[in-house]
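> Pasting a structure below so you can have a look.
The values are calculated or read from the model by the stated rules, or taken from the named source; none is laboratory data. On a predicted model such as this, the values are computed, not experimentally measured, just so you know. No Cβ is skipped: glycine too gets one built from the backbone with ideal geometry, and neighbour counts run over all protein chains shown. Heavy atoms of the whole protein, side chains included, go into the accessibility calculation; ligands, DNA and RNA do not. Shrake-Rupley method; radii C 1.70, N 1.55, O 1.52, S 1.80 Å.
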Amino acid sequence: MNSFFWIIRFAKGSQAAIYISFILSGLCGVFVVAPYFVMYRLAAELSSGAFKTGEAGGYAAALLAIILVGALLRWLGGFLVHKAGFEVIYAIRSRLAEHLGRVPMSFFFSRNSGVLHKAMMEDAEKVESMFCHSLPDLVQSVVTPVFCLAVLFAVDWRLALFALAPFPLAVLFQGMMMRECRNKIDGYHNAMEQMNAGAQEYVNGMLTLRSFNLAPQYFTNFNDAIDNFRRVVLDWSDSSSRYYALFKTALGSGLLFVLVPGMFLFYSGGISMQNLVLFLMLVMGYALPVEKLLEFSSKLQEIKEGVSRLKKLIEVPELERPLAPRVPENFGIEFKEVVFSYAEKMDAPLFNGLSFRLEAGSLNAFVGPSGAGKST
């Protein structure tokens with residue numbers, strides 16, 4: 001929830017639209033189930049022999065009205081949440097771009113470009129996906145099964161308990177899968193950042209590659225990053241797949257839990273045919289919303305990690321600016337006794353005591369053979 005409230009700050013004038021879209025998603029969850037009750041009432045009248053041919057038009061009109069109203073609510077909610085979602089992602093990217101323009105240059109030297117690219121593009125896109133898809137689906141996935149179960153308990157509490165039986169198993173296997181997700185998610189994001197950095201380095205170096213007819217093997221970092229990302233994803237998939245298979249099996253077994261006791265109650269006179277049919281329809285109908293609900297937790301881990309990285313970038317301290325900035329007397333550049341080394345070679349500086357002056361307006365050149373350190 002902390003991630004949600006951090007993101008919602010960027011919505012500004014769209015917060016009301018976001019909450020309204022959530023309410024509409026909840027209503028959609030009710031209208032998804034409503035056709036089953038129309039068919040239930042129809043089955044009840046057919047079984048009692050009280051059904052009249054002239055009433056068929058009324059049932060058809062009711063089904064059509066439910067479908068049309070549900071589609072309208074879904075469209076309106078989708079329109080509102082997508083508009084707000086795109087405004088949020090624009091605000092986050094703008095805020096991040098403005099902030100990075102005010103941080104010290106040393107910040108960029110200590111991080112590869114893949115970190116910034118992933119945050120600006122992919123992590124921000126996950127925020128849009130959360131608002132426009134995951135959260136509305138979450139609301140509907142909560143309302144639909146809760147509404148179904150409330151009706152089922154009202155019809156027959158004994159059979160409703162059997163309908164609940166697959167949930168503890170599904171939650172257990174989902175928890176095992178989530179444990180694997182928590183262990184792998186950080187490595188996934190790191191591997192993605194390294195691959196983005198390698199791709200950008202490869203593209204930036206393409207001119208040199210073609211100019212000097214160098215083999216692509218010179219850019220081994222990109223190849224290594226791709227191989228590492230592949231290993232990370234396969235390892236994550238392999239470790240989670242068995243729990244996911246058990247999770248899907250448990251969640252899809254609701255019909256088996258209800259059918260046997262339902263038939264027993266029917267033949268013993270404990271439940272009517274129309275009530276049994278209602279149970280069988282709803283048990284098959286609410287499995288998909290519950291599946292989306294439980295799968296949302298795994299998506300949430302990935303979204304939270306992306307939001308966490310966005311927050312860290314936006315919270316980087318800005319460059320301190322003097323209250324009374326000084327204007328230089330001239331615009332020459334002077335080096336005095338400069339010592340320089342890369343971080344991994346602190347004990348072997350490339351320059352020691354380097355001094356020179358470049359006068360303003362003068363033309364200067366660094367000349368030397370390849371590898372002499374001109375770029376440095």
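> Somewhere in the range 178-189, is a residue β-branched (V, I, T) and modelled with pLDDT of 75 or more? If you could, list the steps in order and put the result at the bottom.
Filtering the range 178-189 for residues β-branched (V, I, T) gives 185.
Cutting the leftovers down to modelled with pLDDT of 75 or more gives us none.
No, the range 178-189 contains no residue that is β-branched (V, I, T) and modelled with pLDDT of 75 or more.
> Here is a further query. Report every pair of residues separated by at least 6 positions or lying on different chains whose Cβ atoms are under 6 Å apart, first residue within the range 268-282 and closer than 14 Å to F162 by Cα, second open to solvent by 40 Å² or more (accessible area, probe 1.4 Å) and of a type in the set (A, V, I, L, M, F, W, C).
Pairs found: L276/F266.
> To continue, here is another question. Report every pair of residues separated by at least 6 positions or lying on different chains whose Cβ atoms are under 7 Å apart, first residue within the range 21-41 and more than 24 Å from E55 (Cα to Cα), second open to solvent by less than 10 Å² (accessible area, probe 1.4 Å) and in a helix (DSSP H, G or I).
Sorted first by the residue in the range 21-41, then by its partner, the pairs are S21/G77; S21/V81; L24/G77; S25/G77; C28/G70; C28/G77; G29/T144.
> Oh, and also: Would you check if there is a residue in the range 344-363 being over 29 Å from H99 (Cβ atoms) and in contact with a Leu (Cβ under 8 Å, 6 or more places away or on another chain)?
No: the range 344-363 contains no residue that is over 29 Å from H99 (Cβ atoms) and in contact with a Leu (Cβ under 8 Å, 6 or more places away or on another chain).
> Got a number for residues in the range 246-261 being out of contact with any Leu (no Cβ under 7 Å at 6 or more places or on another chain), touching a residue at least 24 places away in the same chain (Cβ under 8 Å) and β-branched (V, I, T)?
Count: 0.
> If you don't mind, there's one more thing I want to ask. Can you tell me which residues in the range 53-111 are free of Cβ contacts under 8 Å to residues at least 12 places away in the same chain, more than 28 Å from R9 (Cβ to Cβ) and of a type in the set (S, T, Y)?
T53, S106
> Now, a different point. How many of the residues in the range 8-33 are over 18 Å from D137 (Cα atoms) and open to solvent by less than 20 Å² (accessible area, probe 1.4 Å)?
Number of matching residues: 2.
> Let me ask you something else. Filter the range 323-352 down to residues that are among the small types (G, A, S) and surrounded by 10 or more Cβ atoms within 10 Å (Cβ to Cβ) and give me whichever is modelled with the lowest pLDDT. Steps first, please.
As a first pass, look at the range 323-352 and keep what is among the small types (G, A, S): 324, 332, 341, 343, 348.
Cutting the leftovers down to surrounded by 10 or more Cβ atoms within 10 Å (Cβ to Cβ) gives us 332, 341.
Working: G332: 91, S341: 82.
This residue is S341.
> With the checklist (1) in contact (Cβ under 8 Å) with a residue 24 or more places away in the chain; (2) in contact with a strand residue (DSSP E or B) (Cβ under 6 Å, 6 or more places away or on another chain); (3) surrounded by fewer than 11 Cβ atoms within 10 Å (Cβ to Cβ) in hand, flag the one item R357 doesn't pass.
(3)
> Moving on to the next point. Hey, L300 hits all of (1) under 30 Å from Q174 (Cβ atoms); (2) at pLDDT 80 or above; (3) of a type in the set (A, V, I, L, M, F, W, C) but one; which does it fall short on?
With (1) under 30 Å from Q174 (Cβ atoms); (2) at pLDDT 80 or above; (3) of a type in the set (A, V, I, L, M, F, W, C) applied to L300, the lone miss is (2).
> Look at the range 94-109 and say how many of its residues are open to solvent by 60 Å² or more (accessible area, probe 1.4 Å) and in a helix (DSSP H, G or I).
Number of matching residues: 6.
> Suppose the filter is more than 18 Å from L259 (Cβ to Cβ), buried (at least 20 other Cβ atoms within 10 Å of the Cβ), in contact with a Cys (Cβ under 8 Å, 6 or more places away or on another chain) and not hydrophobic (A, V, I, L, M, F, W, C); does Q174 pass it? Spell out the reasoning first.
Working: more than 18 Å from L259 (Cβ to Cβ): yes; buried (at least 20 other Cβ atoms within 10 Å of the Cβ): yes; in contact with a Cys (Cβ under 8 Å, 6 or more places away or on another chain): no; not hydrophobic (A, V, I, L, M, F, W, C): yes.
No: the conditions fail for Q174.
> Another question about this same structure. How do the pairs read when you match residues in the range 306-332 that are over 19 Å from P104 (Cβ atoms) with residues anywhere that are assigned to a helix (DSSP H, G or I) and β-branched (V, I, T), using Cβ under 7 Å and keeping only pairs 6 or more apart or on different chains?
Hits for this filter: V307/I7; V307/V127; L310/I92.
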